[in-house]
Amino acid sequence: MGQFSYACKRCGGHEQFDWITPCVVELALTTGKTIHVEGYYDGYGGVICRVGEDQQVKVHDKQFEEFFEHWGEVQILSRGIMCNGSLPAGPRGAPPPRLCVPAGVRVLKRIPVRSYNNLERLAPSDGGAEGDVREPYDPEGERNEMGSQLPGLMLDAMLRGVM
């Protein structure tokens with residue numbers, strides 16, 4: 001399966017390789033509140049968010065529900081995903097930078113450990129992963145993902161004739 005874009009809660013859907021890797025996810029808590037957390041999109045429907053100082057978790061947005069049964073690791077759900085970066089500068093006609101987090105929204109750098117157990121999840125009876133899906137934080141993986149969108153964006157620009 002190839003990489004694909006997500007539909008941003010603010011600016012909508014985009015072409016296959018037209019996503020912003022740094023993003024913000026809206027996570028619902030069992031208390032009825034929501035939190036907004038920075039993450040990075042992996043190109044395959046998941047957003048990696050840090051949990052506390054030394055862990056990370058893959059979060060899946062509800063827009064990809066039709067694929068959940070094929071992705072065995074789905075557990076933590078987001079209610080929305082928003083672009084939190086900008087596309088590389090390009091020639092005239094290139095899309096403008098996309099910073100889609102609404103003004104005034106408090107964005108956390110990571111999921112607080114105290115909030116982790118209260119996150120909205122996909123129940124095992126609905127196909128959700130069982131157990132704790134956190135893993136050790138991988139700063140190298142984050143650096144690699146942050147640069148992964150550039151080749152796809154360049155190819156897309158070449159195919160559209162704007163490069």
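Computed from the C-beta positions of D138 and E53 and an R0 of 22 Å, the FRET efficiency is 0.95 to the nearest 0.05. Note on the range 1-50: Rg/Rh from Cα positions, Kirkwood definition for Rh, rounded to two decimals, is 1.02. At an R0 of 22 angstrom, the distance between the Cβ atoms of E15 and R114 translates into a FRET efficiency of 0.05. Each peptide in 122-129, 32-39, 101-108 receives the mean, over its residues, of other Cβ atoms within 10 Å, and ordering these scores from highest gives 32-39, 122-129, 101-108.
Every number here is computed from the coordinates shown, using simple stated rules; none is lab data. In this text, all values refer to a predicted model and were calculated from it rather than measured experimentally. Cβ coordinates were reconstructed from backbone atoms using ideal geometry, including for glycine residues, and neighbour counts include every protein chain displayed.
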